[in-house]
Amino acid sequence: MTIASAAGKAILFGEHAVVYGKPAIAVPLSRIRTTVQVKSLDPGSTGVLIDAPDINQSFWLHEADGDDPLASAVRITLDELSVKAPIDVHLTIHSQLPIASGLGSSAAVSVAIIRALSGHLGKPLEVEALSQIAYIVECIHHGTPSGIDNTVVAYEKPVYFIREHKPEPIPISTPLNLIIGDTGVSMKTTIPVSLLRERWEKDPGTYGSWFEEIGEIVKEARTMLKVGSIESLGVLMNRNQAVLEDMGLSSLELQRLVRAARESGALGAKLSGAGMGGIMLALVEPDTIQIVEAALRESGAKQVFITEVDG
C-alpha cells in the first residue's frame, strides 16, 4: 500500500493578472491536505477502482467519462509513466479542501494521485515532472490556467510566479497567520476567467492598467515578505481586493466576509482564486485569530480554516 498527500494553496496576491503575464505570489496550505491511498485490488478483481467518498463517487476507470477529473489524472499519469500493461489497483481519495473554492482542490487531488500512483508503481517522479503532469490535467478542466496552482501544490513552497517562467521560491521572514473564509458558493475557475477575458478584449486599455497595478502590488508584497512587514502586507491585500472588485470579480458573499474580517481586526483581507464565490483570506496577528474567526462565522462563512505559512 502507498499513501501520498498534497497541500492546498492560496494566492496571496496577483490572481487573474497572472494569466496576462504579471507576477503572482502563492503559498501552500500545508495543514489542509488531500490524501490518496493506493493498494492492490482484492483477488478476483481487475482494473483500476477509484473511490472518493467525500463526494460520494466510486467507479472503475474503464467506465469513467472521458472528462472526469479523477479519471483524467489517473489516465494521464499512466500514460506519462508509459504503463501499458493492465494494473489492478484501488485508489481512495480523501480531501479537506472544498471543491471550486480557490484553494487548489483540483491541483491537490491531481498531485496526490500522481504521487501515490507513481510511487506505488515504483516510478516516483521528480517534483518538476509531477507539476507538469498536474498542469496537463488542469488544462483539461480549466481551459487556460496560469500554472500557479499545480506549481505551488507540487513544490509545496511559497512561490513568486510568472507564467512561462521558472517559479522562484521566495523567503518569508515572518510567519503569516491566515484565516480562510469559505463563502460556500462554488465557482468553476473557467467562468470568471472567461468573463474577464471577454471584458479585457472589449476594453484592453482599462483592464491592462488594472493588471499593471496588480503586478506592482505583487512586487511590493514580495519585498514586504522578505523584510517581514506584516502590516504593509495587509494594506497591499486591501489594495489588491479593491482592484479585483473594480474588475467585477468579487461578490456580495465575498465582500461581506472581507468587511467582517477587517472590522474585527484583520490587517488585510481579500478574495483568493477565481473569485465570484469561493474563499477569502484574512491576514491576522496571533492575538486576533479567534476574534476574526468568530466574525467570519457570524457573517456567514460556511467553513473557516486557520493556518500558518512560513518560508
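Quick note: the coordinates plus some simple rules give every number you see, no bench work behind them. Since the structure is predicted, the reported quantities are computational estimates derived from the model, not experimental observations. Don't worry about glycine lacking a Cβ; one is built from the backbone with ideal geometry, like all the others, and counts go over all protein chains shown.
List, in the order given, every pair from 39/157; 22/84; 188/219; 202/302 whose Cα-Cα distance in the structure shown is over 32 Å. Table pairs above 32 Å Cα-Cα are 22/84; 202/302. For GluC sites (Glu not before Pro), the sites in region 54-159 that DSSP calls loop and that have at most 15 other Cβ atoms within 10 Å are 126. Expressed in Å, the radius of gyration and Dmax of the Cα atoms of region 2-161 are 15.3, 53. Length gained on full extension, residue 139 to residue 195, computed as 0.36 nm times the residue gap minus the Cα-Cα distance: 18.4 nm. Taking the Cα centre of the chain as reference, the dipole from Cβ charges on Lys and Arg (+1) and Asp and Glu (-1) amounts to some 240 debye. Taken along the Cα-to-beta-carbon direction at a fixed 7 Å, the label points for residue 121 and residue 54 span 2.4 nm. Full extension of the chain between residue 209 and residue 82 yields a length gain of 41.2 nm, computed as 0.36 nm times the residue separation minus the alpha carbon distance. Projected label points at residue 63 and residue 246, each 7 Å from Cα along the beta carbon direction, are separated by 5.3 nanometres. For region 172-311, the convex hull spanned by the alpha carbon atoms encloses 96 Å³ per residue. For region 1-62, what D do you get in µm² per second when you plug the Kirkwood radius from alpha-carbon pairs into Stokes-Einstein at 25 °C and 0.890 mPa s? Approximately 164 µm²/s, per Stokes-Einstein. Using equal-weight Cα scatterers in the Debye expression, the normalised intensity of the chain in log10 at q = 0.14, 0.16 Å⁻¹ is -1.01, -1.26. Taken about its Cα centre, region 1-122 carries a charge dipole of roughly 580 debye when the Cβ of each Lys and Arg holds +1 and the Cβ of each Asp and Glu holds -1.
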